[in-house]
Amino acid sequence: MCGIVGYIGDKNCVPILINGLKRLEYRGYDSAGIGILQDKKSLVVKNKGKVSFLEDRIENLSLNSNIGIAHTRWATHGIPNEQNAHPHTNHDHSIFIIHNGIIENYAVIKKSLLNQGYKFNSETDSEVLVHMIDGFIKNGNDLQKSVQLALNEVEGTYGLAVIYSNEPDKIVAARKGSPLVVGLGDNENFIASDVSAILAHTKQVVYLEDGEVALITKNSFSAKTIYDKEIQKEVHEITMTLEEIDKGGYPHFMLKEIMEQPETVRNSIRGRIVLDHGTVKLGGLIDVVDSLVEKKRIIITACGTSWHSGLVGEYMIEQFCRIPTEVEYASEFRYRNPIVSKDDAIFFVSQSGETADTLAALREAKMKGALVLGICNVVGSSIARETNAGVYTHAGPEIGVASTKAFTSQLVVLALITLLIARRKNLSQVDGKNLAEELLKIPEKIEAILKLNDKIEQIAEKFKDSSNFLYLGRGYNFPVALEGALKLKEISYIHAEGYPAAEMKHGPIALIDENMPAIFIAPKDSTYDKIISNIQEVKARGGKIIAIANEDDDDIDNLVDFSIKIPQTIRMLMPILTVIPLQLLAYHIAVKKGLNVDQPRNLAKSVTVE
Ligand code: F6R
C-alpha cells in the first residue's frame, strides 16, 4: 500500500527520502514522488513506476533541501500516472501533501471546491485535501490549524504529511486508520508510514493515534487532536534492526523469509513453554486467561493468509479445548451485524496489525462487548494496541508481499494458545507435555524440509507453464491447500484453487485432465486412506499429481508423479510443515516465470484500505 516518508533537519533530505522510499517498496506501489522546499520554494517531482526511475529523474536536478516529503502510491482513485502520483499541490504550489488512505466523501468536497474556483490536476480523492487546506490558510489559519479544520470535514482514512512554503520550518502530519510514526533524532526528525523507512536514522519513535495531528520541526515534536486538544505522547524504542530488514544474501525477501522459518518459529516459541507442567506461559494473556477459558464461543477473524491460519486454529481449538470456534473473514464480519456478546472471545489475526477490514471488525466486536484479542506480528501496530490483550508472533519484519514466515508463526501462536486453554480445561499434564515437546521439535523438522529446496525447484521447472492448479487436503491440511493455492496465484499469476480433497468429486473433478496438476497434501493421519482414494480418482483421469507425504511413505510413489517427503509430527502441528514445500514451489515457479516475487502486481503488503 501507499508509503510515506518525511524529513526535517540539517542534512540534505533527498537521499534520506529516496532511501526511505526504497525501504517501503515492499509494501506494493505503482508510482512515486518527492516534494521538497528548496530556497523556500516548493519543488515536486513524481512519476509512474519505480522509485529507481524517480531517482534517475532527479539525479541531474541538483536537489538540496533540509525539508521534504516523499510517497509511493498504490492506486485506488485514478490510474497510476504522473498526475495522480503524490505529492499534490495547490494552485500556486505553496502547499504540497502526500496522503495514504481514502477520502470517502471526496466527491461532495470536490464539487464544492470546484464551485469555489479550485482547479484539479488529478483524478485522486487525495487532491481535495490540499485545496481544502489552501482555503483554510487563506482564511488566516496557520498550517496545523488548517489541517485540523480540513480533517474535521473529511470522512475516511488518512495518514498524511503536508509542507507549506510560507511556514518553511515545519511538517504537519496526521493519522486516521492509516499508520504513521514520527521518528525523533538530534536536530532532525522524521515521519514515516512504516518504521523500516527511518530505521537507518533513529530508533526513537512516537506512534500517532487516530485523529491526531503532529507538528514536527527539526528539534521539536508536538501533537493535538483534530479538535485542537493538546496530547502528551509516549516515546517508544524500536528493537528491530537494519539487518533484519535486509535480504541477507538471498535473491528475494520471500526466499529469505521462507528460509528463516526454523528461527522465526523458534522465536515464536521461545520462553513460552513450561515443559514440566505441560503448559505454556503467555505474558500477553495473563490478565484475561481466566475469562478466556470460560467463554462459550471463540471467533477468529482475519483476512487472506491470516484467515487461513485462523482456519487451522479452529481445528486446534475445537479438538483440544472443545470450545465451539468459528472463523470469519474480517470484511464480512464487520458489515453483517454479527451476533456477538460478552460470552465470546474474538481473536484478530494479522501480520501487519494494520489491515483495515480486520481493524474495523475489531472495533465492531469491541463495541458489542466481546473480549477482543490480537495475534499480531508488528509490535505497536493498531490491532495490537486496540485489542484487550494478545500475543505477538515474533516472526520479525516480513518484507515479501506474499506472507510466509508470518503464517507459520501464527500457527505456532495458535497452538500455544490452544495448549494454554486446553490445560485449563481437560488436557492432562502428560498430553500437554507431549504436545509441547512436539512443538519444540518443529524448527529442526522445518530445517529438514528446507533441504529439499533443490528438488522442489526441479518440480517447479516441470510445472511452470501450467495455467491451472488444484490443491487438495483434508482436516488440518485443508487450510494448507487454500494457502498453497493463494501463494501460487499471488506471485506466479497462475490460477489455483484449494479444496477439501473430498469435495473434489462434487465439482472440481470435471477440470481434471493431463493439463491440470493436482497437489495433494497427504501426510499419514486418520484420513490418509481417504486421500489416497482421491489421488486414485485424479490418476484415473490422467491428472498429474504432486504429493506432500511423509518420509516413510514409500507406497505413495507408485501413485503420484512427484512426491515431496517431509518429517512426521502430530496432526495439529502438521500444517506448519506441509505448507513449507508449497511456499517453495510457488516461489520457484514465479522466479522461473521471471516475475517480481517480492512485489507482485496489484498487491500490497499491508492493506490499509477497504
Ligand atoms: C497473502 C497475504 C495477504 C495477507 C492479508 C492480511 O500472502 O499476504 O493475504 O495475509 O492481506 O494481512 P495481515 O495479516 O497483515 O492482516
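The values are calculated or read from the model by the stated rules, or taken from the named source; none is laboratory data. The model shown is predicted, which means the values in this text are computed figures rather than measured ones. A quick note on method: Cβ atoms are made from the backbone with ideal geometry, for glycine too, and the neighbour counts reach across all protein chains shown. Just so you know, the surface numbers come from the protein's heavy atoms only, side chains and all, with ligands and any DNA or RNA stripped out. Shrake-Rupley method; radii C 1.70, N 1.55, O 1.52, S 1.80 Å.
Residues of segment 238-258 being surrounded by fewer than 19 Cβ atoms within 10 Å (Cβ to Cβ) and among the hydrophobic types (A, V, I, L, M, F, W, C), which ones? Give the steps one after another, and end with the answer.
Going residue by residue through segment 238-258, those that are surrounded by fewer than 19 Cβ atoms within 10 Å (Cβ to Cβ) are 238-244, 246-251.
Residues satisfying the conditions are Ile238, Met240, Leu242.
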Practice task
Can you tell me which residue among Gly432, Gly400, Gly380, Gly396 is of a type in the set (Gly, Ala, Ser) and modelled with pLDDT of 95 or more?
Solution key: Gly432
Exercise for the section: Check Ile446, Ile494, Ile421, Ile459 and return the single one that is open to solvent by less than 40 Å² (accessible area, probe 1.4 Å) and either modelled with pLDDT under 95 or in contact with a Pro (Cβ under 8 Å, 6 or more places away or on another chain) (or both). Expected result: Ile446
Handout entry: Among the residues listed as Leu17, Leu54, Leu37, the single one being surrounded by 19 or more Cβ atoms within 10 Å (Cβ to Cβ), farther than 28 Å from Leu149 by Cβ and either in contact with a strand residue (DSSP E or B) (Cβ under 9 Å, 6 or more places away or on another chain) or of a type in the set (Phe, Trp, Tyr) (or both)
Key = Leu54
Practice task
Go through segment 113-149 and give me each residue that's closer than 20 Å to Ala174 by Cβ and acidic (Asp, Glu).
Solution key: Asp125, Glu127, Asp134, Asp142
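Scan Asn100, Asn121, Asn115, Asn139 and give me the residue that is polar (S, T, N, Q) and more than 21 Å from Tyr164 (Cα to Cα). I'd like the intermediate steps shown before the answer.
On the way: Asn100 fails: more than 21 Å from Tyr164 (Cα to Cα); Asn121 fails: more than 21 Å from Tyr164 (Cα to Cα); Asn139 fails: more than 21 Å from Tyr164 (Cα to Cα).
It is Asn115.
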Practice task
Can you tell me which residue among Glu364, Glu386 is over 30 Å from Gly248 (Cβ atoms), open to solvent by 10 Å² or more (accessible area, probe 1.4 Å) and either of a type outside the set (Asp, Glu) or within 15 Å of the ligand (Cβ to nearest atom) (or both)?
Solution key: Glu386
Exercise for the section: Need at least 3 residues that are of a type in the set (A, V, I, L, M) and open to solvent by less than 10 Å² (accessible area, probe 1.4 Å) per element, so show me which helices (runs of 4 or more DSSP H) inside segment 69-185 make the cut, counting only ones lying wholly within it. Expected result: 127-138, 143-153
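Quick check on my filter: what residues within segment 354-383 are assigned to a loop (DSSP other than H, G, I, E, B) and more than 15 Å from the chain's Cα centre (by Cα)? Break it down stepwise before answering.
Initially, segment 354-383 is screened for residues assigned to a loop (DSSP other than H, G, I, E, B), giving 354-355, 368-370, 377-381.
Residues satisfying the conditions are Lys368, Gly369, Ala370.
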Handout entry: Test for Val51: is it free of Cβ contacts under 8 Å to residues at least 40 places away in the same chain and under 22 Å from Ala604 (Cβ atoms)
Key = yes
Fill in the blank from the handout: Filter segment 299-324 for residues that are surrounded by 21 or more Cβ atoms within 10 Å (Cβ to Cβ) and more than 23 Å from the chain's Cα centre (by Cα); the one that is farthest from Arg423 (Cα to Cα) is Tyr315
Problem - Hits in segment 281-294 (condition: assigned to a helix (DSSP H, G or I) and either in contact (Cβ under 8 Å) with a residue 40 or more places away in the chain or within 16 Å of the ligand (Cβ to nearest atom) (or both)) - result: Gly284, Leu285, Val289, Ser291, Leu292, Val293
Exercise for the section: Give Arg601, Arg571 a once-over and let me know the one that is in contact with a Phe, Trp or Tyr (Cβ under 7 Å, 6 or more places away or on another chain), open to solvent by 10 Å² or more (accessible area, probe 1.4 Å) and in contact (Cβ under 8 Å) with a residue 40 or more places away in the chain. Expected result: Arg571
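Return yes when Thr124 is more than 16 Å from His88 (Cβ to Cβ) and touching a Gly at 6+ places or on another chain (Cβ under 9 Å) and no when it is not.
Working: more than 16 Å from His88 (Cβ to Cβ): no; touching a Gly at 6+ places or on another chain (Cβ under 9 Å): yes.
Taking the combined requirement at face value, the residue does not satisfy it.
Every residue in segment 568-598 that is of a type in the set (S, T, N, Q) and within 12 Å of the ligand (Cβ to nearest atom), please. Steps first, please.
Going residue by residue through segment 568-598, those that are of a type in the set (S, T, N, Q) are 568-569, 578, 583, 596.
Matches in segment 568-598: Gln583 only.
Residues to consider are Val235, Val206, Val265; find the one that is at pLDDT 95 or above, over 29 Å from Ala402 (Cβ atoms) and open to solvent by less than 40 Å² (accessible area, probe 1.4 Å).
Checking each option against the conditions leaves just Val206.
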Problem - Checking Phe463 against (1) more than 26 Å from the chain's Cα centre (by Cα); (2) closer than 21 Å to Asn377 by Cβ, the condition it does not meet - result: (2)
Problem - Among (1) at pLDDT 95 or above; (2) in a helix (DSSP H, G or I) - the single one Arg23 does not satisfy - result: (1)
Handout entry: Extreme residue, nearest to the ligand (Cβ to nearest atom), among residues of segment 369-383 that are β-branched (Val, Ile, Thr) and open to solvent by 10 Å² or more (accessible area, probe 1.4 Å)
Key = Val378
Practice task
State all residues of segment 213-255 that are of a type in the set (D, E, K, R) and in contact (Cβ under 8 Å) with a residue 12 or more places away in the chain; if no residue qualifies, say none.
Solution key: Lys218, Lys224, Asp228, Lys233, Glu234, Glu237, Glu244
